[in-house]
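Asker: Here it is: the structure, laid out below.
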Amino acid sequence: MRMSASGLSALLHGVARGRPLAPDAAFDLLELAPLPRLMAAAEATARAGFGDAVTYSRKVFIPLTQLCRDVCHYCTFAKAPRRLAAAYLSLDEVLAIARAGEAAGCKEALFTLGDRPEARYGVARRALEELGAASTLDYLRTAAGRVLADTTLLPHLNPGLMAAADFAALRPVAASMGLMLETASPRLSGRGGPHFGSPDKLPGRRLATLRAAGEARVAMTTGLLIGIGETRRERIEALLALRAMHEQYGHLQEVIIQNFRAKPGTKMAGAPEPALEEQLWTIAVARLLLGPTMSIQAPPNLQPEALAQLVAAGINDWGGVSPVTPDHVNPEAPWPHLLELERRTAAAGRALVERLALGPRYAQQPERWTEPAVATRVRRMSDAHGWARTDRWVAGSGAPLPEGVQRELAAARPARLVLADELSAVLAAAQRGEELEEGAIERLFAAQGRDLARVVDAADRLRAEVVGDTVTYVVNRNINYTNICLYHCGFCAFSKGRGAASLRGPGYNLDLEEIARRTIEAEARGATEVCLQGGIHPDFTGATYLAIVAAVKRAVPAMHVHAFSPLEVSHGARTLGLPLGEYLERLRDAGLSTLPGTAAEILDDEIRALICPDKLRTDQWVEVLAAAHRVGLRTTATIMFGHVERPVHWARHLLRLRRLQAETGGITEFVPLPYVHMEAPIGRRGLTRTGPTWREALLMHAVARLALHPLIPNIQASWVKLGVDGVATCLAAGANDMGGTLMDESITRSAGGVHGQCLEAPELAALASRIGRPARQRSTLYSPLTQETAGAAHRLQGLG
């Protein structure tokens, strides 16, 4: 009995929202629903999980051996020994292919090979003996290990059937592995079937290998080969088997829906190929059965004229595309040129995004899915979404801005596109000043291509509306009075243990006279503010911080004292046995003017437990700021991003700040601080990413403008982290402030930053002029200075 239209709509709507179909409903619905309805629901489901991104891996194929004990009736990859120059590639040949791929920008080395050829061919056994390998899998371990050690590539292995011991042996040299299920029907292994005579293609054995991979915590690519004689019902049965396994282990990083291609010289050379509609139906079914978060792939070279239809059916990935080597499994089908693939993906309304061999969701947790050496490489090669890093820009490094992102902005921004879609709704809500949902903020951070330009343009227009075109800055001096610290933040290269030496010098502790001297010198150079922060010295108490403020005010009574992170305030109050509010009142009365909202890092305890476990918890940090606001002390607020966190944590951070500001109104500005990894302890140990990508740094400023509107009007771009070109670009992406001249920047330089210790006021003004914007010196509280004060600062800074 055909399902009613209302029942069909309810089921499809539920699937798009992540509600899994029961097996009975799968058969009832997916065999009877019309293809256009299935595709529409599948595309909506794919967009719910992946937005506009369609991913691919830039890879090089390494056919380690084309010998195989199986005789699949459609395969041209496997060859008899007489047709091969050698049974196996030598290690030199393997490395030559890998290095050619590396030179072409590949990030993945895909090892393809036949299943246990030594079980069938004496030539394979003799070759392995000469290579010093006990088996094909043993030689694969050696070859993949050499690629991992001698190149920057991530190995992905397709070795066929394996047991637990095989996964244990290969896991240390692989980012991921793959095994196509192809079909769950034993019928196709019977006499006359495409898998007759191929013991490794028995579905039960392949499912057992996939199960062993789950138990070994290996991220696996699998999939179906359609059109080899299976029925639609059998495809559903195969997909349900994969779904059940994934629900147990969570290890299926991708499901490929590959269409059979008839190849000359095979037993199935005359077999009919499946119609495009069959592949579209199967993709849509796979998407609806497997849900919004499963990555579903269709190889672009096997349906080159139907890429838009494949996207509309629910895929989110094109698989591996090689600029170097052919598709050894389908040599008759050349890979599309990457620029053409990008163009055609865009024509389908999506953005082409490069990924790694380890899929994006798995690359965000490499410590779970790979061994430590591989995990380090994955972190260094990926961004916060788990996508591949595609540029060489690193915060604090002085590297030029990547041309690709700049081209995207230049190409799309003049059009100021207005589209009726989900992103438009999010941008409109932000412009109205509404609090965005966590998922909506994540969606902004995922913007690519045309959407990147839309987010940046919306932020820039909102900036112009709220604060105008004038770019502000403060003339100030940093005084970091000690780098000796009780705490052990994993990202900090500035702090030292008592008397410790490091790559950037020994521990120090400035006395009050030196702090006063530096304050007087700052005034002489035109500074209106001194910013004081330091490590938590074991001898410091709350009285120490009071004495520091008093020393500054005695030296220069008019100087604005912007001092003490929430951690320092908390430490000071605790050592004196005072409530936060009372201690902050004492600091205020001693002359403290404002607090830097630093030590925020990421306001999420899941991340703080990883990077600064002995530091303030999120609620404690928020309480210090709230207490400061209650006693009349205003603060800034920061985020340090690009290390181990994900976009969901950025969203939570921004929402916590927005809600604090809605309660107290005490935050003057938001300052994104890209993580500088070069000398950071956890960075040197390979436990973090290499800071944010340029796209992420740009988006942090733009999304902050949108997510914090209208409560926090000022967004600052840090020249210390971004460089002058980076600041100029962020000033056209929602930022309106360049921070301070600093005079003595040491924290970022300790982490490996190269952008200098001071940027004079005339240089900041010139930076704004370069993008056609006026500049104005401000006070710490963003009030304009008198003409006399500003002029004096400029004259003194010009002498700098």
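Asker: With respect to LEU699, determine if the residue is in contact with a helix residue (DSSP H, G or I) (Cβ under 8 Å, 6 or more places away or on another chain), open to solvent by less than 10 Å² (accessible area, probe 1.4 Å) and either within 29 Å of ALA609 (Cβ to Cβ) or assigned to a strand (DSSP E or B) (or both).
Answerer: yes
Asker: Still on this structure, please answer the following. What is the number of the single condition among (1) more than 30 Å from ALA348 (Cα to Cα); (2) within 37 Å of the chain's Cα centre (by Cα); (3) not acidic (Asp, Glu) that ALA109 does not meet?
Answerer: (1)
Asker: Oh, and also: So, in the range 225-234, of the ones that are in contact with a helix residue (DSSP H, G or I) (Cβ under 8 Å, 6 or more places away or on another chain) and part of a loop (DSSP other than H, G, I, E, B), which residue ends up most open to solvent (accessible area, probe 1.4 Å)?
Answerer: The residue in question is GLY229.
Asker: Could you look through the range 138-163, keep only residues that are in a loop (DSSP other than H, G, I, E, B) and of a type in the set (Gly, Ala, Ser), and pick out the one that is surrounded by the fewest Cβ atoms within 10 Å (Cβ to Cβ)?
Answerer: Applying the filter and picking the extreme gives ALA163.
Asker: Right, something else. Within the range 280-394, which helices (runs of 4 or more DSSP H) (wholly inside it) include 1 or more residues that are touching a residue at least 24 places away in the same chain (Cβ under 8 Å), open to solvent by 30 Å² or more (accessible area, probe 1.4 Å) and more than 28 Å from ARG243 (Cβ to Cβ)?
Answerer: Qualifying helices (runs of 4 or more DSSP H): 338-347, 372-381.
Asker: In the range 164-180, which residues are in contact (Cβ under 8 Å) with a residue 40 or more places away in the chain, out of contact with any helix residue (DSSP H, G or I) (no Cβ under 9 Å at 6 or more places or on another chain) and surrounded by fewer than 19 Cβ atoms within 10 Å (Cβ to Cβ)?
Answerer: Listed by number, the list holds a single entry, ALA168.
Asker: On the given criteria, is THR636 in a strand (DSSP E or B) and over 20 Å from the mean Cα position of the chain (by Cα)?
Answerer: Against the criterion (in a strand (DSSP E or B) and over 20 Å from the mean Cα position of the chain (by Cα)), THR636 qualifies.
Asker: Assess whether ALA599 counts as being among the small types (Gly, Ala, Ser), within 17 Å of LEU660 (Cβ to Cβ) and under 25 Å from the mean Cα position of the chain (by Cα).
Answerer: yes
Asker: Oh, and also: Take ASP28 and tell me if it is open to solvent by 40 Å² or more (accessible area, probe 1.4 Å) and closer than 27 Å to GLN309 by Cα.
Answerer: yes
Asker: Here is a list of conditions, (1) assigned to a helix (DSSP H, G or I); (2) open to solvent by 30 Å² or more (accessible area, probe 1.4 Å), and GLU568 meets all of them except one; can you say which number that is?
Answerer: For GLU568, the failing item is (2).
Asker: Tell me yes or no: at least one residue of the range 393-403 is charged (D, E, K, R), out of contact with any helix residue (DSSP H, G or I) (no Cβ under 7 Å at 6 or more places or on another chain) and at pLDDT 85 or above.
Answerer: no
Asker: Now a separate question. Report whether or not VAL631 is in contact with an Asp or Glu (Cβ under 7 Å, 6 or more places away or on another chain), open to solvent by 10 Å² or more (accessible area, probe 1.4 Å) and either closer than 26 Å to HIS560 by Cβ or of a type in the set (Lys, Arg) (or both).
Answerer: Spelling it out, VAL631 is indeed in contact with an Asp or Glu (Cβ under 7 Å, 6 or more places away or on another chain), open to solvent by 10 Å² or more (accessible area, probe 1.4 Å) and either closer than 26 Å to HIS560 by Cβ or of a type in the set (Lys, Arg) (or both).
Asker: Within the range 181-224, work out how many residues are among the hydrophobic types (A, V, I, L, M, F, W, C) and surrounded by fewer than 18 Cβ atoms within 10 Å (Cβ to Cβ).
Answerer: Summing the residues that are among the hydrophobic types (A, V, I, L, M, F, W, C) and surrounded by fewer than 18 Cβ atoms within 10 Å (Cβ to Cβ) in the range 181-224 gives 3.
Asker: Select from the range 702-735 the residues that are aliphatic (A, V, I, L, M), in a loop (DSSP other than H, G, I, E, B) and more than 12 Å from LEU673 (Cα to Cα) and write down the one among them that is farthest from the chain's Cα centre (by Cα).
Answerer: Only one residue fits best here, namely LEU711.
Asker: Scan the range 258-274 for residues that are in contact with a strand residue (DSSP E or B) (Cβ under 9 Å, 6 or more places away or on another chain) and open to solvent by 50 Å² or more (accessible area, probe 1.4 Å) and report the count.
Answerer: 1
Asker: Could you give me the residue pairs with C-beta distances under 8 Å whose first residue belongs to the range 6-24 and is under 13 Å from LEU288 (Cβ atoms), whose second residue is charged (D, E, K, R) and surrounded by 12 or more Cβ atoms within 10 Å (Cβ to Cβ) wherever it lies, and which are 6+ apart or on separate chains?
Answerer: Sorted first by the residue in the range 6-24, then by its partner, the pairs are LEU8/ARG37; LEU12/ARG37; PRO20/ARG243.
Asker: Working only within the range 639-661, note down all residues that are of a type in the set (Val, Ile, Thr) and open to solvent by 10 Å² or more (accessible area, probe 1.4 Å).
Answerer: VAL644, VAL648 - these are the residues of the range 639-661 that are of a type in the set (Val, Ile, Thr) and open to solvent by 10 Å² or more (accessible area, probe 1.4 Å).
Asker: Right, something else. Does GLY49 meet the test of being under 30 Å from ASN158 (Cβ atoms), within 34 Å of the chain's Cα centre (by Cα), of a type in the set (Gly, Ala, Ser) and assigned to a helix (DSSP H, G or I)?
Answerer: So GLY49 passes the test.
Asker: Which number in (1) buried (at least 19 other Cβ atoms within 10 Å of the Cβ); (2) in a loop (DSSP other than H, G, I, E, B); (3) out of contact with any strand residue (DSSP E or B) (no Cβ under 6 Å at 6 or more places or on another chain); (4) modelled with pLDDT of 95 or more marks the one condition that LEU578 misses?
Answerer: (1)
Asker: Quick check on THR266: is it in a loop (DSSP other than H, G, I, E, B), of a type in the set (Val, Ile, Thr), over 17 Å from MET39 (Cα atoms) and out of contact with any Gly (no Cβ under 9 Å at 6 or more places or on another chain)?
Answerer: Here the answer is yes, as THR266 does meet what is asked.
Asker: State all residues of the range 553-562 that are of a type in the set (A, V, I, L, M) and closer than 14 Å to ARG588 by Cβ; if no residue qualifies, say none.
Answerer: Result: VAL561, single match.
Asker: Could you tell me whether PRO613 is surrounded by fewer than 21 Cβ atoms within 10 Å (Cβ to Cβ) and either modelled with pLDDT of 95 or more or not aromatic (Phe, Trp, Tyr) (or both)?
Answerer: So PRO613 passes the test.
Asker: Tell me, yes or no, whether the range 122-136 has at least one residue that is under 38 Å from the mean Cα position of the chain (by Cα) and either crowded, with 24+ Cβ neighbours inside 10 Å or charged (D, E, K, R) (or both).
Answerer: Scanning the range 122-136, I find at least one residue that is under 38 Å from the mean Cα position of the chain (by Cα) and either crowded, with 24+ Cβ neighbours inside 10 Å or charged (D, E, K, R) (or both), so the answer is yes.
Asker: Being more than 9 Å from VAL173 (Cβ to Cβ) and of a type in the set (A, V, I, L, M, F, W, C) is the filter here; which residues of the range 128-148 pass it?
Answerer: Scanning the range 128-148 gives LEU128, LEU131, ALA133, ALA134, LEU137.
Asker: Mind telling me which of the residues ALA447, ALA440, ALA458 ends up being part of a loop (DSSP other than H, G, I, E, B) and open to solvent by less than 30 Å² (accessible area, probe 1.4 Å)?
Answerer: Within the list ALA447, ALA440, ALA458, the selection yields ALA447.
Asker: Which numbered condition trips up ALA415, out of (1) over 29 Å from GLY739 (Cβ atoms); (2) at pLDDT 95 or above; (3) among the small types (Gly, Ala, Ser)?
Answerer: That leaves (2) as the condition not met.
Asker: Checking the conditions here, which among PRO672, PRO692 is closer than 23 Å to LEU444 by Cα and either in contact with a helix residue (DSSP H, G or I) (Cβ under 6 Å, 6 or more places away or on another chain) or hydrophobic (A, V, I, L, M, F, W, C) (or both)?
Answerer: PRO672
Asker: Oh, and also: Please specify each residue of the range 54-88 satisfying the condition of being within 38 Å of the chain's Cα centre (by Cα), buried (at least 24 other Cβ atoms within 10 Å of the Cβ) and either free of Cβ contacts under 8 Å to residues at least 60 places away in the same chain or more than 26 Å from ARG99 (Cβ to Cβ) (or both).
Answerer: VAL54, TYR88
The values are calculated or read from the model by the stated rules, or taken from the named source; none is laboratory data. Everything numeric here is computed off the predicted structure, so don't read it as measured data. Positions of Cβ are backbone-derived with ideal geometry, glycine not excepted, and every protein chain shown enters the neighbour counts. Please note that ligands, DNA and RNA were not included when accessible areas were found on the heavy atoms of the full protein model with its side chains. Shrake-Rupley method; radii C 1.70, N 1.55, O 1.52, S 1.80 Å.
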